[in-house]
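For reference, the structure discussed in these notes is given below.
The values are calculated or read from the model by the stated rules, or taken from the named source; none is laboratory data. Since the structure is predicted, the reported quantities are computational estimates derived from the model, not experimental observations. Note that we place each Cβ from the backbone using ideal geometry, even for glycine, and neighbour counts take in every protein chain shown. All accessible areas refer to the heavy atoms of the entire protein, side chains included, with ligands and DNA or RNA removed. Shrake-Rupley method; radii C 1.70, N 1.55, O 1.52, S 1.80 Å.
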Amino acid sequence: MRVPSMLNDEETRLYFWMARYLAGAEGHIVDLGSFAGGSTAYLAEGNRAGGGAAQVFAFDQFSASEKTKTRQLYAKGVDHFDGTDILPLSKQLLRPWSPQIVFRKCRIENETWTYGPIALLTLDASKTSATRDQMADIFFPHLIPGVSVIIQQDELHWREPWIAEQMEKFKDCFEPLCFVPGGAMAYRCTQHISADNVRAGQVDGMNDAAMIDALCRAKLRLARFGVTPKLSRQIEAIRLNPGRRKSWRFTNRAPLV
């Protein structure tokens, strides 16, 4: 598979396997943060391998700067092209799976979801605590209790501590399934997520002390997955970057504890 992707090998296998495992479920596959289509390709191929008929929704702004194009596209064999719009490229790269794929070029946090139940949801588009809340509000209520799986792509990245915090606040709604080296966590939805659950799960606006407290609880709950050092690093990152809720504002690098 030659569609450029920012995922590592373990993560691509997780995407493929989860899509194949859920191929028979009554729900769509939603990829939040498709970029050029690498993650979407693995989801679509997994769905096809499992004999599924689900639509794969690829959400992204489908835009890339010259710097990103050089690092993530040209270095991986894509021919040079003008402009920042990568939607035509994504459609070309994903042509083998085109009957399955619905492209949504947008700012995801401003979208609505009206297409029915979601069996598999991957989240790799939100880089702030505010958009993290907005995406949960849009998509989480459409997950299927006991069936749906979500993949939090960067949950253990030191620059995005609010993801693990959010999942700790949603602990009654999700069962942790696995951790993939690189930072991704997968969870199964265990109950219907109501508007009240979404409000209770909001992370934007929490102060640093509350965030650190949530991450300390997450360290206990997720200890069996061997992610304690990564969560400890996130706690240190909050201390080194007080009050910051955007990943690119985490300029003081936290060491691996």
Item checked: Globularity ratio of the chain, using Cα Rg and 2.2 N^0.38 Å -> 0.98
Notebook entry, point to check: If the convex hull of the alpha-carbon atoms of segment 143-239 is projected onto planes in all directions, what is the mean projected area in square nanometres?
Noted result: 5.7 nm²
Next item on the list: Keeping the other protein chains in place, figure out the carbon and sulfur percent of the accessible area of the chain, with a 1.4 Å probe.
Entry: 50 percent
Checklist line | Accessible area (Å², per residue) of the chain, counting only protein heavy atoms and a probe of 1.4 Å | finding: 45 Å²
Notebook entry, point to check: Along each of its three principal axes, how wide is the spread of alpha-carbon positions in segment 103-150, in whole angstrom units, largest first?
Noted result: 28, 21, 15
Next item on the list: Any chance you could run the full-extension gain for Glu111 through Tyr21? It's 0.36 nm times the residue separation minus the Cα-Cα distance, nm to one decimal.
Entry: 29.6 nm
Check: So what does Val147 come to for accessible area, using a 1.4 Å probe and Å² rounded to 10?
Finding: 50 Å²
Notebook entry, point to check: Among the DSSP beta bridges whose two residues both lie in the chain, what percent are antiparallel, rounded to the nearest 5?
Noted result: 40 percent
Checklist line | Pairs beyond 20 Å (Cα-Cα), from Lys67/Lys230; Lys105/Lys127; Lys69/Lys105 | finding: Lys67/Lys230
Note to self: On alpha carbon coordinates alone, what is the Rg over Rh value for segment 207-249, Rh being the Kirkwood radius?
What the structure shows: 0.99
Margin query: Less than 12 Å from a label point 7 Å out along the Cα-to-Cβ axis of Ala200: which backbone N atoms in segment 158-176 qualify, by residue?
Written below: 169-174
Next item on the list: State the answer as a single residue: which of Ser126, Leu256, Gly77 lies farthest towards the positive end of the charge dipole of the chain, with beta carbon charges of +1 for Lys and Arg and -1 for Asp and Glu, about the Cα centre.
Entry: Leu256
Check: How much length, in nm to one decimal, is gained on full extension between Gln92 and Arg13, taken as 0.36 nm per residue of separation minus their Cα-Cα distance?
Finding: 26.2 nm
Next item on the list: With a bin width of 10 angstrom, please list the P(r) values of segment 1-143 as percents of all Cα-Cα pairs, from the 0 bin to the one holding the largest distance.
Entry: 12, 43, 36, 9, 0
Next item on the list: Divide by every residue of the chain the summed helix terms, -39500 (n - 2.57) for each DSSP H run of at least 4, and state the resulting mean residue ellipticity at 222 nm, rounded to the nearest 500 deg cm²/dmol.
Entry: -10000 deg cm²/dmol
Item checked: Over 22 Å (Cα to Cα) - which of Lys169/Lys246; Lys171/Lys219; Lys76/Lys246; Lys91/Lys246 fall in this group -> Lys76/Lys246; Lys91/Lys246
Margin query: Place a point 7 Å from Cα of Asp208 in the direction of its Cβ. Which residues in segment 157-184 have their backbone N less than 19 Å from it?
Written below: 158-166
